[in-house]
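I have placed the structure first, in the form of structure tokens, so that the comments after it can refer back to it.
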Amino acid sequence: MAENKGLGLPQTRGEFKLRGLATGLLRDNAFKVIETKSKKGMHILNFGVETAPESTLYVTIQGVEREEVIYGKKAEEKGKKGEMIKVPWKKRFDQQPEGFNLYGLRIGVEKDQEGKNVTKTLVEYDAAETVYDKLTDGQGVFIRGELEFSSNKVNDEVKRNKKFNVKQLYLADSVDFETEDFKELNDFRQRIIFMGITKVDDKNDPRFELAAKIVTFKTVEDTEFIVRDAAFANILRKELKPYTAIDVWGNIYNKIDTDEIQEAAKFVWGQQDTFKQVKNNYIRELVVTGADPESIDKETYSEEIIEEALKVFKEFGSDNSNNNASWGQKPDDKESQDSEDDGLPW
């Protein structure tokens, strides 16, 4: 069912899945322990997943101490609601009534004597510390998560952010990028509000920029995606009008800007000056390769509805399984067989 909270509009959600090698866990700021303004502890873990040579995506596990956690039990009869109980924070590790499972992240960073993953459900606060303690650089991992879009002002300029929040993490076989049968897994799927698509005049990298809006809990964020298939771009331009919602999917790339590095090297004679360390800039792209025309919604997110929702909120504060008729490439859901159930408590 559509979720109506915050703005009073269904959120346009997104998800991703990655397979690769863990990296960046040895950095000084990989794991942070901080105190919030409300004097509660917060754990933040940020590490990379190398999905292909020179392509590393950084993901996040972030959680704060809270008053209670939720345990859930699946209904025995189909069509009926399950049960939920609230447990005080300090008793979150205590044994609960039979059939009740914690609502949280599915984490498998240890193996048993037979080499199988030992999977636990942990709240974000505990998951961040557990993954940091158990996972090491170079280990193979499979990750599922959710995309988070946000923005903030820096020196009167709007900075737009994309965050990749982990929901499931499991140890996986090590990835050998040199094998002939290697296939990168860096997929995403996102519901967007289409705003337009324009061609980028770049001979070295011909592409199209897809402008979109994302509805979050209490904001509407502007963002951009990349399209490289000209035929697919023309379909989007022809078939979609602004403020049309549609499900899209594709691949995530995060690579060092090699052109910038080469440009910096031109300004010195001989070897680089180690006292003037060049900070690498990364080019992160969400490349859309397909869309589902059956998911089109022309009514829910009209310009008038969005503007009214934002106005009211400011004043009062208050499945893609059918791919037979998709545009562009179809998403490969084979990897979903490799993961366990989603983050629900059953």
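The values are calculated or read from the model by the stated rules, or taken from the named source; none is laboratory data. Note that the coordinates shown come from a computational prediction; the quantities given were computed from them, not determined experimentally. Here the Cβ positions follow ideal geometry from the backbone for every residue, glycine too, while neighbour counts run over all protein chains shown.
One table, with the values for the structure above:
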| read-out | value |
| --- | --- |
| Residue pairs meeting the criteria (Cβ under 9 Å; at least 6 apart or on separate chains; first farther than 10 Å from THR244 by Cα, in segment 288-317; second aromatic (Phe, Trp, Tyr) and in a helix (DSSP H, G or I)) | VAL288/PHE232; THR289/PHE232; GLY290/PHE232; ALA291/PHE232 |
| Single unsatisfied condition, VAL158 versus (1) out of contact with any Leu (no Cβ under 9 Å at 6 or more places or on another chain); (2) at pLDDT 95 or above; (3) farther than 26 Å from GLN329 by Cβ | (2) |
| Which numbered condition VAL87 misses (of (1) farther than 30 Å from ILE193 by Cα; (2) among the hydrophobic types (A, V, I, L, M, F, W, C); (3) in a strand (DSSP E or B); (4) touching a Gly at 6+ places or on another chain (Cβ under 7 Å)) | (4) |
| Some residue of segment 60-73 being in contact with a Ser or Thr (Cβ under 8 Å, 6 or more places away or on another chain), surrounded by fewer than 17 Cβ atoms within 10 Å (Cβ to Cβ), assigned to a strand (DSSP E or B) and at pLDDT 95 or above | yes |
| Boolean, LYS241 is surrounded by fewer than 13 Cβ atoms within 10 Å (Cβ to Cβ), modelled with pLDDT of 95 or more and in contact with a strand residue (DSSP E or B) (Cβ under 8 Å, 6 or more places away or on another chain) | yes |
| Residue that is surrounded by the most Cβ atoms within 10 Å (Cβ to Cβ), among those in segment 102-119 that are of a type in the set (D, E, K, R) and over 21 Å from LEU25 (Cα atoms) | LYS116 |
| All positions within segment 88-112 that are basic (Lys, Arg) and in contact with a Pro (Cβ under 6 Å, 6 or more places away or on another chain) | none |
